[in-house]
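Have a look at the structure below before the remarks.
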Amino acid sequence: MSSHVIAGLERHATQRAEQVAVVDRDGEGGLRSFDWRSLHATATELALRLERVASGSPVLVCGGNQFEVLAAILAGLHADLPVAPVAPESTASELRSLAAEIGARVVVGAPEALERLHGAVPEHIPLSEVQADVGDGTATGATPRGRGDGSILLRSSGTTGPPKVVRRAAAALDAVGDGCRAVIGVDERDRMLLVVPVYHSYGIDMAVLTGVPAGACLELHARFDVQAVRTALAERGISCFPAVPLMLDSLARGSEKGTAAPALRRVVSAGSPLPPEVAERFRAAFGVAVGQVYGATEFGSVAYNAPEAWDPARGPFRPECVGRPLPGVEIRIVEGDDLARALPAGTEGQVAVASPSMLTEYLGDDAPPTRDGFLLTGDLGRLDESGVLELTGRLKLMIDVGGLKVNPLEVEAVLVRHPAVRDAVAVPIYYSETASRLKAIVIPEPGAELTRDEIRRFAREHLIHYKVPRSFEIRSDVPRSPTGKILRQKLILDAAGTGK
């Protein structure tokens with residue numbers, strides 16, 4: 001039996017062949033449209049090719065929000081292969097490290113990604129070759145052997161340790177999609193605007209696992225452009241818009257009450273905390289309340305705060321809450337890492353999640369990823385009497401940059417590889433309720449000469465753009481505890497005080 005994603009793709013290609021499935025932008029800024037027949041044929045043809053060349057090994061898919069990337073992810077899943085979507089801006093160092101870690105034999109990607117992986121992955125398939133023209137007979141009509149039981153590989157952002165590669169199997173992927181379709185209410189009448197990247201867990205949940213089985217038309221934007229999004233909302237019947245708070249804030253600040261979005265009925269926020277004032281600004285401008293999804297790379301989306309289902313008896317809608325668990329999900333608040341006893345309603349503790357969407361494994365780690373079926377998230381929160389989850393903080397070191405998570409330990413590990421760097425600390429600088437940037441404090445080796453420009457160039461060579469610190473400070477030492485632990489919070493406060 002096929003996964004729900006591939007079964008849905010096949011159903012829509014049969015029943016709604018000529019209806020539009022995907023819209024994206026061409027290189028000139030115009031729109032391209034692809035129907036369900038084309039999406040199915042393209043994914044099928046590539047799945048057949050992957051079955052021949054991948055030999056069961058993982059496939060890297062390196063590209064942005066475009067038709068070919070979506071088709072490549074679907075093709076890998078159809079061929080029963082592990083698929084590792086990755087950002088096209090990833091450096092050669094990052095791509096080669098991931099390829100080696102997962103044992104990839106094939107990469108489907110943009111030219112620059114293929115160049116960075118030259119000699120590191122045996123088989124290269126350019127994105128320009130990912131398209132079956134059903135009109136000229138390119139599609140063969142052959143059927144892949146795979147049943148659609150592929151898995152997704154994603155590098156987690158990590159909690160207090162280094163990032164790991166997460167594997168989520170077909171059944172877990174189905175659970176996310178089924179839950180999101182049920183609570184958000186996505187179906188074939190919807191047109192979903194995807195600016196969040198489809199190589200990110202949130203984007204995969206919304207586009208691949210929710211949108212494709214539902215039969216929604218997916219409009220893919222390669223980057224967030226305020227005017228392009230406003231135009232899409234006003235003119236192209238966008239009914240569902242998954243976003244991050246920074247996008248919602250940017251759209252609302254430049255919009256007046258009653259800004260045109262005639263078809264918009266669902267706006268979903270995830271990726272970072274949603275400030276109530278941002279949610280209210282967006283609602284005032286566009287007339288739609290913002291729901292919030294809670295999830296993680298390890299288990300995808302597991303809770304949803306639904307404005308349309310809020311009980312008025314509980315008072316005004318609280319957009320800062322992340323809602324109730326999706327079907328089949330259990331959320332427990334615990335003291336420390338003690339899973340045996342759930343804390344009472346209203347008590348703050350660590351959030352633990354048990355879900356049918358749970359990861360199968362951390363790649364290369366023999367230890368079971370869960371205990372008693374639960375994963376400790378590192379997030380702090382509380383459940384109210386009706387089971388609504390509110391996040392109150394986190395035990396994690398993670399820094400949010402435009403809705404994307406950055407592990408400061410990863411950044412620091414890269415910076416100290418520079419021969420003139422003895423130590424490094426990465427901290428956030430907060431510019432507003434939704435905007436933060438990275439700052440790196442670098443301690444040179446004794447006697448070494450090091451400039452900000454030099455360490456910035458080094459960072460750009462080895463880190464994707466959003467992980468490169470916006471500012472660098474070179475100093476002789478950093479504050480430490482009596483046991484030698486870096487006092488990160490003091491550095492964060494210092495950065496907030498100077499604003500740089």
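The values are calculated or read from the model by the stated rules, or taken from the named source; none is laboratory data. Here the structure is a predicted model, which is why all the values come from computation and not from measurement. FYI the Cβ positions are ideal-geometry reconstructions off the backbone, even for glycines, and counts take in every protein chain you see.
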Note to self: Given the options Leu39, Leu95, name the one that is in the same structural domain as Leu218 (by TED's automatic domain parsing), over 19 Å from Thr297 (Cβ atoms) and assigned to a helix (DSSP H, G or I).
What the structure shows: Leu39
Next item on the list: Go over the candidates Leu380, Leu375, Leu397, Leu359 one by one and state the one that is farther than 30 Å from Ala309 by Cα and either assigned to a loop (DSSP other than H, G, I, E, B) or not small (Gly, Ala, Ser) (or both).
Entry: Leu397
Next item on the list: Name the one entry in Glu449, Glu454, Glu473 that is over 25 Å from the mean Cα position of the chain (by Cα), among the charged types (D, E, K, R) and in a strand (DSSP E or B).
Entry: Glu473
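Give the residues of region 383-409 that are among the charged types (D, E, K, R) and more than 20 Å from the chain's Cα centre (by Cα), sorted by residue number. Don't jump to the end; show me each part of the working.
Pass one, region 383-409, residues among the charged types (D, E, K, R): 384-385, 390, 394, 396, 400, 405.
Correct list: Asp384, Glu385, Glu390.
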Margin query: Suppose we filter Arg422, Arg417 for residues that are surrounded by fewer than 17 Cβ atoms within 10 Å (Cβ to Cβ) and within 24 Å of Arg155 (Cα to Cα); which single one remains?
Written below: Arg417
Note to self: For region 282-299, give me the residue count where each residue is charged (D, E, K, R) and crowded, with 23+ Cβ neighbours inside 10 Å.
What the structure shows: 1
Check: Could we say that Thr370 is surrounded by 14 or more Cβ atoms within 10 Å (Cβ to Cβ), among the hydroxyl-bearing types (Ser, Thr, Tyr), farther than 20 Å from Leu395 by Cα and out of contact with any Phe, Trp or Tyr (no Cβ under 7 Å at 6 or more places or on another chain) here?
Finding: no
Item checked: Every residue from region 414-436 that is assigned to a strand (DSSP E or B) and modelled with pLDDT under 90 -> Arg422, Asp423, Ile429, Tyr430, Ser436
Next item on the list: Scan region 25-35 and give yes if some residue there is without any contact (Cβ under 8 Å) to a residue 12 or more places away in the chain, surrounded by fewer than 23 Cβ atoms within 10 Å (Cβ to Cβ), under 24 Å from Glu188 (Cα atoms) and of a type outside the set (A, V, I, L, M, F, W, C), otherwise no.
Entry: no
Notebook entry, point to check: So how many residues does region 46-75 have that are part of a helix (DSSP H, G or I) and out of contact with any Ser or Thr (no Cβ under 7 Å at 6 or more places or on another chain)?
Noted result: 16
Item checked: Of residues in region 459-474 being more than 18 Å from Ala113 (Cβ to Cβ) and not hydrophobic (A, V, I, L, M, F, W, C), the one surrounded by the most Cβ atoms within 10 Å (Cβ to Cβ) -> Pro469
Notebook entry, point to check: Which residues, counting only those in region 49-76, are surrounded by fewer than 22 Cβ atoms within 10 Å (Cβ to Cβ) and without any contact (Cβ under 8 Å) to a residue 60 or more places away in the chain?
Noted result: Arg52, Ser55, Gly56, Ser57
Margin query: Restricting to region 190-200, and then to whatever is at pLDDT 95 or above and either part of a helix (DSSP H, G or I) or in contact with a Cys (Cβ under 9 Å, 6 or more places away or on another chain) (or both), can you tell me which residue is surrounded by the fewest Cβ atoms within 10 Å (Cβ to Cβ)?
Written below: Arg191
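Only one of Glu433, Glu449 is of a type in the set (D, E, K, R), over 20 Å from Thr91 (Cβ atoms) and surrounded by 15 or more Cβ atoms within 10 Å (Cβ to Cβ); which? Give the derivation first.
Working: Glu449 fails: surrounded by 15 or more Cβ atoms within 10 Å (Cβ to Cβ).
Being of a type in the set (D, E, K, R), over 20 Å from Thr91 (Cβ atoms) and surrounded by 15 or more Cβ atoms within 10 Å (Cβ to Cβ) holds for just one of Glu433, Glu449, which is Glu433.
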Next item on the list: Quickly run through region 202-240 and pick out the residues that are out of contact with any helix residue (DSSP H, G or I) (no Cβ under 9 Å at 6 or more places or on another chain) and over 20 Å from Leu31 (Cβ atoms).
Entry: Tyr202
Item checked: Val411 being over 30 Å from Leu209 (Cα atoms) and either modelled with pLDDT of 85 or more or surrounded by 15 or more Cβ atoms within 10 Å (Cβ to Cβ) (or both) -> yes
Next item on the list: Residue by residue through region 384-394, note down the ones that are surrounded by fewer than 18 Cβ atoms within 10 Å (Cβ to Cβ) and assigned to a loop (DSSP other than H, G, I, E, B).
Entry: Asp384, Glu385, Ser386, Gly387
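Residues that are β-branched (Val, Ile, Thr), touching a strand residue (DSSP E or B) at 6+ places or on another chain (Cβ under 6 Å), under 28 Å from Glu68 (Cβ atoms) and surrounded by 21 or more Cβ atoms within 10 Å (Cβ to Cβ): does region 240-247 have at least one? Explain how you work it out, then say what you get.
Quick first cut of region 240-247, residues β-branched (Val, Ile, Thr) only: 244.
Cutting the leftovers down to touching a strand residue (DSSP E or B) at 6+ places or on another chain (Cβ under 6 Å) gives us none.
No, that holds for no residue.
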Notebook entry, point to check: Residues in region 212-235 that are modelled with pLDDT of 95 or more and either outside any helix (DSSP H, G or I) or under 18 Å from the mean Cα position of the chain (by Cα) (or both): how many?
Noted result: 8
